[in-house]
Amino acid sequence: MLKLSGLLAIVALSVALACAVLTAQAPPASQGSTLAVPVEPSGETATLTYFNRPIVVLRARILGRRPAERAALAVRTLDQLVAAGQTRPVEVRSGNGDVLIGVGKQVIVGLTAPDVDDLEGQTLQSVSDQTVARLQQALDEAAEARRPARLLRAGAFAVLGLGVGWVLLRALGRMRRRASERLSTLAQKAVTRTGLHDQHAVRATDRIDYFQRRLVSIAFVGLQFGVIYALVTFILRQFPYTRPWGESLRESLLTALGHLALDIVDAIPRLFTICAIIVITRFAIGLLEPWFDAVGRGAVKVPWMYPETAKTTRRLVTIVLWLFAAALAYPYVPGSDTEAFKGISIFVGLMVTLGSSGFVNQVMSGVMLTYSRALRLGDFVKIGEVEGTIIHIGVLSTKLKTLRSEEVTIPNAVVVSQTATDYSRFAESVRTTTSVTIGYDSPWRQVHAMLLLAAERTSGIRRDPKPRVIQSALEDAAVRYVLAFCLEHQESKHLTLSELHAHIQDVFNEYGVQIMTPRYEEDPETPKLVPKQQWFAAPARPDAGPDAEVRSRKIG
């Protein structure tokens, strides 16, 4: 009697629970349902998940229960069924637009019209069919997880998979080392055949070996990653609870590979278009280069372009053409319409904008120098405190070769901001000066004649226009005389001045005129002169005077 009463109690409890579930998840009566319970759409959604598998998304509120409460009630019911060993078959009962899904007589979940997402093209029939399939799979896996024999079998397969994966990884490691050694040997043989020796051969071998090792490492790391990915997927699929994760990994990899293949196929016509744009641009630039070269040589005369600006103009036109080609090709670049590509483009543009202010300043200064024609290659100039011959006018900087054969690089922005003196533009009339101070007791006409005589003896000074002497100042104890003259070669300015100063000392000693010092206090008892018989005192030699040096050579 006790067993019979207990059995009856269990049956009564099951009937009461089934009635409660039917009442809780029944479809709305307004939809033509046979269950007269209130159903309304809910602003919330909840996914019914059982044994790590998503079953169905619930969107309706039934009897005031939110979707999350309905999902929790269904999970409790499924746990009871699995505990009782009732996992088959999952059946569907429908009526007047409502669906009840259960196992045997036990109702698990009810689906109504508000649970269907019309925007995704779902129907109540398709959702119910999908729910039945997923629920049956979840129940089968839950029942499988309760069978020790199946779990032991899954563990054995997992251990076997680990062993196979370990063997494959070890084999790939050995193959990687052997491939690296083989490629190193081939690199040494290739360098030996080229005829290089000593340090050059060692450097070439190291570079080739480094490049080959990088390629081998990348290839084998990719293979090892593939083995590990397949191993993890295989092990996860052996156990019922982790099987959805393994299937997700496999499906995601296959989906990614499929999308990649489709993207590559879809990008082929675009790549052809990009190649056509590049070829046409290069062809146009190739046509323009000979014309610009002819303008630079002076073979072609163009009213709006000077020969010295032809090279810079060609560069600017080339940059504009490539920018135009990039703008045309941008829509055809694979992935250019994705948000990630746009984000990267914005980031790169921001970095270029923030970091290129100095660069743009230098470039614009170089363009200004070129088109203003303020400086030319080969000119002897003075920029700031630097004197030298211009050997390069670039986009970013200007290079000078000084009189001491030093190469000085000056940023174009600095060149534009400072005063530049060009001695070569009007070389025949540019005057160089030097000065002496002579006492008032010396006739100024004599001083003029002596300075002109010294200039006449100096090589490297032009005879036309003639040198001239200027009395620049009447100082307290002396008169300042300035000798102005034109140089034959501005590059030899320092050597010419050195020779001129030596001749000035000789001429003034010859005629007994004392050159005053800057700090004159009183007249000495005897003039400060060097007698002619002491002009070549040891270790000087008569043939070692200023006339012995060759002044006609050019520097730079």
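Some notes on this structure:
- Residues of region 442-487 that turn out to be under 16 Å from Asp506 (Cα atoms) and small (Gly, Ala, Ser), as a count: 4
- Of Phe239, Phe234, all but one fail to be under 30 Å from Arg53 (Cα atoms), touching a helix residue (DSSP H, G or I) at 6+ places or on another chain (Cβ under 6 Å), part of a helix (DSSP H, G or I) and in contact (Cβ under 8 Å) with a residue 60 or more places away in the chain; the exception is Phe234.
- Some residue of region 326-346 being closer than 24 Å to Met368 by Cβ, out of contact with any Lys or Arg (no Cβ under 6 Å at 6 or more places or on another chain) and of a type in the set (Lys, Arg): no
- Residues being modelled with pLDDT of 85 or more and closer than 13 Å to Val127 by Cα - total across region 78-98: 1
- Take the conditions (1) in the same structural domain as Val416 (by TED's automatic domain parsing); (2) of a type outside the set (Ser, Thr, Tyr); (3) more than 29 Å from the chain's Cα centre (by Cα); Ala294 misses just one of them, which is (1).
- Selection from region 465-519 of residues that are crowded, with 17+ Cβ neighbours inside 10 Å, β-branched (Val, Ile, Thr) and part of a loop (DSSP other than H, G, I, E, B): Val513
- Only a single item in (1) at pLDDT 90 or above; (2) in contact with a strand residue (DSSP E or B) (Cβ under 9 Å, 6 or more places away or on another chain); (3) within 29 Å of Val381 (Cβ to Cβ) is not met by Ala502, and it is number (2).
- Restricting Thr458, Thr433 to those that are under 30 Å from Met516 (Cβ atoms), loosely packed, with under 14 Cβ neighbours inside 10 Å and β-branched (Val, Ile, Thr) reduces the list to Thr433.
- Qualifying residue in region 395-407 (condition: over 16 Å from Val507 (Cβ atoms) and touching a Leu at 6+ places or on another chain (Cβ under 8 Å)): yes
Let's see how each residue does on (1) under 21 Å from Ala84 (Cβ atoms); (2) at pLDDT below 85; (3) in the same structural domain as Arg70 (by TED's automatic domain parsing); (4) among the hydrophobic types (A, V, I, L, M, F, W, C):
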| position | (1), (2), (3), (4) |
| --- | --- |
| Lys105 | yes, yes, yes, no |
| Leu111 | no, no, yes, yes |
| Glu120 | no, yes, yes, no |
| Ala133 | no, no, yes, yes |
| Ala138 | yes, no, yes, yes |
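- Residue under evaluation Thr370, criteria (1) touching a Ser or Thr at 6+ places or on another chain (Cβ under 6 Å); (2) farther than 16 Å from Val416 by Cα; (3) among the hydroxyl-bearing types (Ser, Thr, Tyr), criterion not met: (2)
- Search result, residues across region 419-442 that are part of a strand (DSSP E or B), among the hydroxyl-bearing types (Ser, Thr, Tyr) and closer than 13 Å to Gln471 by Cα: Thr433, Thr434, Ser435, Thr437
- Per-region count, region 334-377, residues part of a helix (DSSP H, G or I), over 18 Å from the mean Cα position of the chain (by Cα) and either surrounded by 11 or more Cβ atoms within 10 Å (Cβ to Cβ) or modelled with pLDDT under 75 (or both): 11
The values are calculated or read from the model by the stated rules, or taken from the named source; none is laboratory data. Because the structure is predicted, anything quoted here is derived from the model rather than measured. For neighbour counting, all protein chains shown are included, and Cβ atoms are generated from backbone atoms with ideal geometry for every residue, glycine included.
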